[in-house]
Amino acid sequence: MDLGLKGKVVLVTGGSQGIGLESAVTFAAEGAKVAICARNEKQLEAAAARIKSYGGAEVCTFQVDVTKPEDCEKVVADVVRHYGRLDILVNNAGTAAAKPFEQIDDRQWASDLDLKLFAAIRVSRAAVPHLRQAGGGSIINVTTSWAKTPPASSMPSSVSRAAGQALTKAMSRDLAPDQIRVNTVCIGLIRSGQLEDRWKRDKPDLTWEEYAREPEHDIPLGRIGNTDEAAKVIVFLASEAASYVTGTSINIDGGSAPSL
């Protein structure tokens, strides 16, 4: 199936590793022109090298801190200056943060909301005029299945991500007349650096494959997911194959969420 992404310009925040990088790689494999941003310059360089390993893939990198409003505006302007347009935005920046309510102070709440909610708001606000000028486009907000049914000790991430889901629905209504689609993917347990650290700390005697299939994860499909499995859904939602899909959320969690 031709996803209609050849020549499209994509910006992925938090694009130097994990789901963000895998999404950028998948977009590039579909012929899109890719821009990635993150805070770590060395990780960005390594990510760009991997993306360029696909013959003819176009990629540019920007060292950006999306918790800074001026950086959010600048990265969008820089992408448009480099490629001449913007068609797709993936708001992926963020890290997992999960503690009991009484262990989280105001500084931690503010930091999490800045990274996971306000960054998406600010980058999207800067991107929308360019998506409109391109005749429409797609915004994908990466959230978590915890946002729908938060378990104990899941804050502040579950709250920040729940706000991101509400943002997705509201934006989709406002931007639909401009043919700008807005959707969210709700990530469950997907292989990541943080998850690998937990594996090495808690079950160092197991291989990753054994750890991924541990019953304690309580995943109906029986294993932890891989980043490419999340990336494929993100790329699908951004593509012409999903041209009639907006204002929706898709769980990528192996069936572990107790809600739709």
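Here are some notes:
- Annotation: peptides 2-11, 30-39, ranked by per-residue average of other Cβ atoms within 10 Å with the highest first, follow the order 30-39, 2-11.
- Per residue, the convex hull spanned by the Cα atoms of the stretch 1-134 amounts to 116 cubic angstrom.
- Cα-based shape type of the stretch 212-259, given that a ≥ b ≥ c are square roots of the gyration tensor eigenvalues and the cut on a/c is 1.5: oblate
- Amide H to amide H, with H built 1.01 Å from N, Val59 comes under 5 Å of Val34, counting only residues 5 or more places away or on other chains.
- Taking the longest Cα principal axis of the chain as reference, the axis of helix 41-52 is set at about 70 degrees.
- Kirkwood analysis of the Cα pair distances in the stretch 1-52 returns a hydrodynamic radius of 10.8 Å.
- Annotation: the residues Ile140, Ile219, Ile180, sorted from fewest to most other C-beta atoms within 10 Å of their own C-beta, follow the order Ile219, Ile180, Ile140.
- Considering only the Cα atoms of the stretch 140-260, their convex hull presents on average a projected area of 8.0 nm².
- Using the rule -39500 (n - 2.57) for each DSSP H run of four or more residues, divided by the residues of the chain, the 222 nm mean residue ellipticity is -13000 deg cm²/dmol.
Every number in this text was worked out from the coordinates using simple rules, so none of it is lab data. Quantities reported herein were computed from a predicted structural model and do not represent experimental measurements. Note that we place each Cβ from the backbone using ideal geometry, even for glycine, and neighbour counts take in every protein chain shown.
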